[in-house]
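What follows is a single structure, written as structure tokens, with notes after it.
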Amino acid sequence: MSTLKTHNLQSPDGASVNIALAPNAGMVVAGLSTYSNQINVGSNIKLGSAGVVTATSFVGSGANLTSIPAANLTGVLPALDGSLLSGVAGFSTALSNTQNSFLNECFKTTQAFTIPNGTQIDLTNNETTSGKTVFTRLSQINVATGATFHVSTGTTFIMNVLGVFP
């Protein structure tokens, strides 16, 4: 195998140094460089040709990250302002989507639900961390003829948790 020893490589016109090799300091590349394969920076950072960067960890704000699957989120998450979320079932619906308006601070919720004919519902919560409790905002559940609604032994079921219905 041959060895090339140098401290600089210059562009063909000799006007600028594109690559500088400093003894025991690694290689410094200045300007735009094009690579046809993956670039490995040490053993844990890889710059792929498809624009994918992989590393052992990433540090920074992450403010512009998108399309992160919920299953990949771990650890303690910060408090979130969910006021701009849409299509999320919650305990109530604001009377207006206009932020900082009075009607955006007023809510409505369903009072009753009918379990249709042929439906079987079994409420069971065996998790001791939640006190084996299941709750709903509803104040009335109508069970149609031919439907079954069963609360399992040991499960506590609480209705009208918002306390807004008589």
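Pulled fully out, how much extra length does the chain show between THR109 and ASN160, if you take 0.36 nm times their separation in residues and subtract their Cα-Cα distance?
17.3 nm
For segment 112-158, rounded, prolate or oblate, judged on the Cα gyration tensor with a ≥ b ≥ c (square roots of eigenvalues), a/c < 1.5 rounded, else prolate if a/b > b/c?
Since a/c reaches 1.5 but b/c is at least a/b, the shape of segment 112-158 is classed as oblate.
Could you tell me the calculated FRET efficiency between THR54 and ALA94, based on Cβ-Cβ distance and R0 = 35 angstrom, to the nearest 0.05?
Efficiency at R0 = 35 Å is approximately 0.25.
Place a point 7 Å from Cα of PHE149 in the direction of its Cβ. Which residues in segment 91-133 have their backbone N less than 15 Å from it?
In segment 91-133, the label zone of PHE149 (backbone N under 15 Å from the point 7 Å along Cα→Cβ) covers 110-124.
No value in this document is a laboratory result; all are computed from the given coordinates. None of the values given here were measured: they were computed from a predicted structure. Reconstructed Cβ throughout: ideal geometry from the backbone, glycine too, with neighbour counts over all protein chains shown.
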